[in-house]
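Data block below; observations after.
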Amino acid sequence: MRYFVDHKTKLIHKILSAGDECGFNTTPVSEREFTNNTEYIEKLTNSSEYERCPHCQKFALVSD
């Protein structure tokens, strides 16, 4: 699974689920990061600075 890290809002999006309701469209490209590294994503979420985007999570649960 691929991820999109928004360093401005500190949200982690699932690329396949991300959309306008996630609000990342105002984040500058320089503050966006794309990764396939699940361990890195876990490290970010465990640091309590970052959280998973609730919109992407909701969409993923419906589509699973």
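One residue stands out among those in the stretch 17-58 that are in contact with a Gly (Cβ under 9 Å, 6 or more places away or on another chain) and farther than 13 Å from HIS7 by Cα: the one that is modelled with the lowest pLDDT, which is CYS56. Of all the residues in the stretch 14-53, those that are in contact (Cβ under 8 Å) with a residue 24 or more places away in the chain, β-branched (Val, Ile, Thr) and part of a helix (DSSP H, G or I) number 3.
The values are calculated or read from the model by the stated rules, or taken from the named source; none is laboratory data. The shown structure was predicted, so the numbers you read here are calculated from the model rather than taken from an experiment. Neighbour counts are summed over all protein chains in view; Cβ atoms, including those assigned to glycine, are modelled from backbone coordinates with ideal geometry.
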